[in-house]
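See structure below.
The values are calculated or read from the model by the stated rules, or taken from the named source; none is laboratory data. None of the values given here were measured: they were computed from a predicted structure. As a convention, Cβ positions derive from the backbone with ideal geometry for all residues, glycine included, and neighbour counts pool all protein chains shown. Areas reflect the complete protein model, heavy atoms only, side chains present, ligands, DNA and RNA absent. Shrake-Rupley method; radii C 1.70, N 1.55, O 1.52, S 1.80 Å.
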Amino acid sequence: MSRIYLSAPDVRGAERELVDAAISSNWLAPVGPDLDAFEREVASVTEVAYAVGLTSGTAALHLALHELGVGPGDTVLVSTFTFASPANAAAYLGATPVFVDSDPETWELSASLVSEELAASEKRGQLPKAAVVVDLYGQCADYDELLPLFAEHGIAVVEDAAEALGATYRGRPAGSFGKCAALSFNGNKIITTSGGGMLLCNDEPFAARVRHLATQAREPVAHYEHLEIGYNYRLSNLLAALGRAQLATLGDRLQRRRAINELYRESLGSLPGVSFMPVASYGEPNHWLTCITIDPDIAGFSREDLRLHLETADIESRPTWKPMHMQPAFKDAPARVDGTSEQIFATGLCLPSGSGMSDSELDTVIAKILEYVSRH
Ligand SMILES: Cc1ncc(COP(=O)(O)O)c(C=O)c1O
């Protein structure tokens with residue numbers, strides 16, 4: 001048996017055809033017709049007007065904050081319970097991230113803590129220049145609660161939908177909230193271009209600026225003219241062809257992730273001390289990763305015990321995100337936290353959830369967990 005990964009790339013066949021066609025057409029220069037089409041197709045799925053294909057989700061967050069005018073000395077409010085990317089993007093611009101904790105009912109950014117932080121920062125005389133709100137593990141944040149809080153203070157919001165393609169919030173797609181949004185097509189995401197990302201928005205000049213900055217800020221003249229410093233962040237046409245093939249089966253991929261989540265819930269939901277990441281009533285997650293928490297006092301084992309047991313069977317599982325305010329790289333950044341993400345980090349485990357996982361692989365993971373539980 002080969003290793004069962006957390007969320008391996010899921011390649012279904014059409015990829016080869018589209019990438020071969022892109023090679024045959026000699027569109028190997030960074031931009032080209034597949035990139036244009038991929039941008040249109042993703043914009044359509046996420047119901048936004050403009051999409052800019054980039055080399056990564058991190059590049060999308062970096063350019064989004066850049067265009068929102070974030071610079072040295074500014075602060076950026078960021079969810080603490082997530083991957084390092086949004087905090088890094090703020091730091092690239094010389095800004096300081098201000099971390100805010102999650103709501104235990106959803107694991108998403110807490111509106112009450114955001115409200116407290118904005119009131120306190122207003123008092124201090126330094127409101128955040130922007131905010132990055134993360135759709136964690138493929139579930140949208142509570143935008144009806146959060147967006148008015150930021151709007152009240154004139155703070156632009158970037159939706160980090162890197163993990164959330166295909167999820168919805170009150171019927172609206174992830175990627176369509178805030179001033180703009182970032183998607184990731186990293187190898188472990190819902191669809192992949194091996195590495196890639198996209199910026200989404202409804203503002204034509206904003207999208208044009210991001211496209212310009214991502215293309216080394218080259219002016220449209222024959223010689224190489226630069227009025228400002230740019231970045232080499234454009235997604236290549238070849239990788240966009242790969243993305244188009246993946247996007248064509250988005251519906252099946254989502255269905256599979258949801259079915260995996262359901263089977264885990266059916267099989268493990270009644271185990272003592274085991275709980276699943278809550279599903280908020282306001283939307284439909286894409287179940288990018290199925291996450292559980294384990295209360296060691298009730299279960300008789302910790303999430304680390306279970307993770308190491310799965311590892312002996314060559315099954316990859318991972319602790320939930322280590323909150324950013326606990327990271328040595330951000331030890332000096334301010335944080336408004338109440339213990340929620342620290343508690344989830346201490347007890348949380350992400351289970352193999354890739355849409356390419358076979359039924360027998362899924363059965364193996366579940367059997368291994370049940371076998372371990374039966375020994376305690
Ligand atoms: C929440 C979140 N934001 C941003 C990123 C960054 O995306 P990328 O790896 O494409 O830079 C990721 C994952 O990779 C992520 O999970």
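Surface composition of the chain: carbon and sulfur atoms hold 52% of the protein heavy-atom accessible area at a 1.4 Å probe. Counting only Cβ charges, +1 for Lys and Arg and -1 for Asp and Glu, the dipole size of the chain around its Cα centre is about 560 debye. Using C-alpha pairs below 8 Å separated by at least 6 residues, the relative contact order for the chain is 24 percent. Based on protein heavy atoms only, the range 199-283 ends up with 49 Å² per residue of surface accessible to a 1.4 Å probe.
If both residues of a DSSP beta bridge must be in the chain, then about 60% of such bridges are antiparallel.
Within the chain, what's the longest run with no trypsin sites (Lys or Arg not before Pro) in a DSSP loop and at most 15 other beta-carbon atoms within 10 Å? Give the range, please. Numbers along the way, then the final one.
On the way: sites that count: 3, 12, 170, 331, 375.
In the chain, the maximal stretch lacking such sites is 171-330.
Over all distinct Cα pairs, what is the inverse of the mean 1/r for the chain, reported as the Kirkwood hydrodynamic radius in Å? Let's see the in-between values first.
On the way: mean 1/r = 0.0468 Å⁻¹.
Computed over Cα pairs of the chain, the Kirkwood hydrodynamic radius comes out at 21.4 Å.
Shown here are the Rg and Dmax of the Cα trace of the range 249-372, at 15.6, 46 Å. Sort out the exposed loop GluC sites (Glu not before Pro) in the chain (DSSP loop, at most 10 other Cβ within 10 Å) and tell me the longest stretch that has none. The reported range is 1-224. In a fully extended conformation the segment linking residue 24 and residue 112 would gain 26.2 nm over its present Cα-Cα distance, using 0.36 nm per residue. Computed over protein heavy atoms with a 1.4 Å probe, the accessible surface of the range 83-130 works out to 40 Å² per residue. Using the Cβ-Cβ distance between residue 359 and residue 223 with R0 set to 56 Å, the FRET efficiency works out to roughly 0.45. Cα centroids of the range 199-267 and the range 325-348: how far apart, whole angstrom? So the separation of the two Cα centres works out to 30 Å.
Under the rule of -39500 (n - 2.57) per DSSP H run of 4 or more residues, summed and divided by the residues of the chain, what mean residue ellipticity at 222 nm is obtained, to the nearest 500 deg cm²/dmol? Provide the component values of the computation, followed by the final result.
Numbers: 13 runs with 147 residues, N = 376.
Calculated from helices alone, the mean residue ellipticity at 222 nm is -12000 deg cm²/dmol.
Of all DSSP bridge pairs formed entirely within the range 48-193, close to 20 percent run antiparallel.
For the range 109-260, what does the alpha-carbon gyration tensor say about shape, rounded, prolate or oblate, given a ≥ b ≥ c as the root eigenvalues, a/c under 1.5 as rounded, and a/b over b/c as prolate? The shape class here is oblate.
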